[in-house]
Amino acid sequence: MSNYHIKHLEEYYQVYRKSVNAPEQFWEEIAEEHFLWYKKWDKVLDWDFTTPEVRWFEGAKLNITVNCIDRHLTTNASKTAILFEPNAPDEAAQHITYQQLHDRVCQFANVLKAKGITKGDRVCIYLPMIPELAIATLACARIGAIHSVVFAGFSATALATRINDSDCKMVITSDGSYRGAKTIDLKGIVDDALEECPCVSTVLVAQRIHSNVDMKSGRDEWLQPLLDAAATVCVPEVMDAEDPLFILYTSGSTGMPKGMVHTTAGYMVYAAYTFKNVFQYKQNDVYWCTADIGWITGHSYIVYGPLANGATTLMFEGVPSYPDFGRFWSIVEKHKVNQFYTAPTAIRALAKEGLELVEKYDLSSLKVLGSVGEPINEEAWHWYNDNIGKKQSPIVDTWWQTETGGIMITPIPFATPTKPTYATLPFPGVQPALMDEAGKELKDNQVSGRLCIKFPWPSMARTIWGNHQRYKETYFSAFENTYFTGDGALRDEVGYYRITGRVDDVIIVSGHNLGTAPIEDAINEHPAVAESAIVGFPHDIKGNALYGYVILKDVGESRNHDNLRKEINQIITEHVGPIAKLDKIQFTNGLPKTRSGKIMRRILRKIACNETRNLGDTSTLLNPEVVQSIMDNVL
Ligand code: PRX
């Protein structure tokens, strides 16, 4: 029996049991049979969740791009690796074969080297969803540079914070980007960010929208002429299994975004193995994940996982609403997409538009549908199942995180019977546990608690860049000897998991993780604002939207509240990005605080969600009287 490709439920249980009873042997076999190594490991796993330290395939030598590209050249050189669908439907799609991908990655890698980038250097990539984005990440991996991709919807301030946190030497960007009918001045955003980033000495600029941009001499260079002059061969850097592959920032409940560090071998093995099974990819399939490579979903399931399996992975530059809300389905028809992986927020937005835009297109190529990023509600699940999958394509509701590197709890299509809103069963190698608040493991079925993982899996983040202590405190201190996810979950009578949402102050808006702290910091920058607090409340399409409570400095001053709301959202757009704009802003004279001065968000959340019947214990409040006044003025 091959452990690599699970095809039915009994096989899943067998493989799962093996992965728990003999994890080292289990992962060793997969690593040995399905990847190319310069040197095999001395030890499969070394771990200690107290320090915490985790090492997989210690002593092994490899290069992930050899596994994602070079090894496919013998049999699949002319197969499409990346299928690029541009923003405008009348612009031709591009089929980049594995051979072309090889050549372009090598050229890019040679340009990086010529610009002085060497193993271990950090390179920030701030690009739209164009092929250069995937190629740039792979080029970094080719030479052992650590890529830090920043989603190109983040503002200059957010970009600068991320560049400085990991001391990036170089930024790779484009003149601008297309987003539906709009263009965005990416280079201008980079220029603003770099005012604050002395560590960056080079900016490489891809040309996408052919706009006039300022090129700072000595720092900025057009990418294409450099690529054209570069050789199409680049000897891959020999990487250690535990050498960092990339940093990817994710929001925390407090403070700075966390630069999650993923290392090479374990990440590769896990991303590839999950991709193969969760999407049941077959040799001639066309696979499409609609995420942006700026998020972990794009890293693992647009770039590394699919390419490590020699797949054809579709990259879409545009948005689901352009030129109309049928765009996703038109792309499925045009490219005969077999596996389609998207987020509940997109499903809800498209469901709202009615069925005519779905029925116009032939979706019969679809075999597997995926969902990721937030809990999928029952209504959206059924709409997806009935109208897109025509009840023939299983829905894989995949639960995982930036920190986990790969999918953790998911059905295996055609093996695991699905259940609406349930991510179902742990993937082989994943040992989930539910804990009560006192830290006791709840071992029965039909319980709910805090979702933890008891045993290391190969693609777990190894640290937070520059702050191992924070890594330990955030993930390994809430419960002894176990990784805490920050999510709540319940387990049903057959052991299926349903993720119920964050139990900390991270709010998921349209599938994007937002920490409250950077948004509150931005609001507080407004000269009229004294203090603010953000909570989430349910929203039909976004899943959650943001509700802000704002205390103004001079209560006597009568400023126009609507103008203030606009200004506050403008500041948030500048400091964090448009995804963090508030849907509702309530001006208030006070915020409920504990005696130690901590804002009681639990109460604010209940008020914003209209759940004021049971506000819970307010006796510890310093100022209980503000609660009534906030309730009286709720929006
Ligand atoms: O709360 C969970 C939610 O998204 C969080 C992780 O966000 P991020 O690191 O941005 O990664 C998103 C893509 C992997 C989780 O802690 N989440 C993710 N997938 C699901 C989910 N919640 C419920 N169901 C899911 N399938």
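The values are calculated or read from the model by the stated rules, or taken from the named source; none is laboratory data. This structure is a prediction, so every number in the text was calculated from the model and none was measured. Glycine gets a Cβ as well: all are built from the backbone with ideal geometry, and neighbour counts include every protein chain shown.
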>> Test of understanding: among L451, L442, L434, which residue is closer than 30 Å to E379 by Cβ, surrounded by fewer than 17 Cβ atoms within 10 Å (Cβ to Cβ) and modelled with pLDDT of 95 or more?
In response: L442
> Given the range 1-116, what helices (runs of 4 or more DSSP H) lie entirely inside it while holding 1 or more residues that are aromatic (F, W, Y) and in contact with a Phe, Trp or Tyr (Cβ under 6 Å, 6 or more places away or on another chain)?
Replying inline: none
> In the range 199-251, which residues are within 16 Å of the ligand (Cβ to nearest atom) and in contact with a Pro (Cβ under 9 Å, 6 or more places away or on another chain)?
Replying inline: Y249, T250, S251
> Which of the following residues is more than 16 Å from the ligand (Cβ to nearest atom), farther than 20 Å from T345 by Cα, in a helix (DSSP H, G or I) and touching a strand residue (DSSP E or B) at 6+ places or on another chain (Cβ under 9 Å): I534, I551, I568, I585?
Replying inline: I568
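Just a yes or no: is a residue in the range 134-144 assigned to a loop (DSSP other than H, G, I, E, B), within 12 Å of P244 (Cα to Cα) and in contact with a Lys or Arg (Cβ under 7 Å, 6 or more places away or on another chain)?
Within the range 134-144, one or more residues are assigned to a loop (DSSP other than H, G, I, E, B), within 12 Å of P244 (Cα to Cα) and in contact with a Lys or Arg (Cβ under 7 Å, 6 or more places away or on another chain).
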> Does the range 167-180 include one or more residues that are buried (at least 17 other Cβ atoms within 10 Å of the Cβ) and within 16 Å of the ligand (Cβ to nearest atom)?
Replying inline: no
>> Of the residues S321, S300, only one is under 19 Å from G511 (Cα atoms), surrounded by 24 or more Cβ atoms within 10 Å (Cβ to Cβ) and in contact with a Gly (Cβ under 7 Å, 6 or more places away or on another chain); which?
In response: S300
> How many residues does the range 359-388 hold that are out of contact with any Cys (no Cβ under 8 Å at 6 or more places or on another chain), at pLDDT 95 or above, within 12 Å of the ligand (Cβ to nearest atom) and outside any helix (DSSP H, G or I)?
Replying inline: 2
>> From the list D285, D292, exactly one residue is in contact with a strand residue (DSSP E or B) (Cβ under 8 Å, 6 or more places away or on another chain) and acidic (D, E). Which is it?
In response: D285
> Of all strands (runs of 3 or more DSSP E) completely enclosed by the range 428-514, which ones contain at least 3 residues that are within 11 Å of the ligand (Cβ to nearest atom)?
Replying inline: 483-491, 497-502, 506-509
> Within the range 49-70, is there a residue that is farther than 23 Å from F246 by Cα and surrounded by fewer than 23 Cβ atoms within 10 Å (Cβ to Cβ)?
Replying inline: yes
> Taking the range 477-503, which residues are surrounded by fewer than 18 Cβ atoms within 10 Å (Cβ to Cβ) and either among the acidic types (D, E) or more than 18 Å from the chain's Cα centre (by Cα) (or both)?
Replying inline: S477, E480, N481, G488, D492, E493, V494, G495, T500
>> I'd like to verify a number: residues in the range 405-420 that are surrounded by fewer than 23 Cβ atoms within 10 Å (Cβ to Cβ) and touching a residue at least 60 places away in the same chain (Cβ under 8 Å), how many?
In response: 6
>> Which numbered condition in (1) more than 20 Å from A423 (Cβ to Cβ); (2) within 16 Å of the ligand (Cβ to nearest atom); (3) of a type outside the set (A, V, I, L, M, F, W, C); (4) at pLDDT below 95 is the only one that P344 fails?
In response: (1)
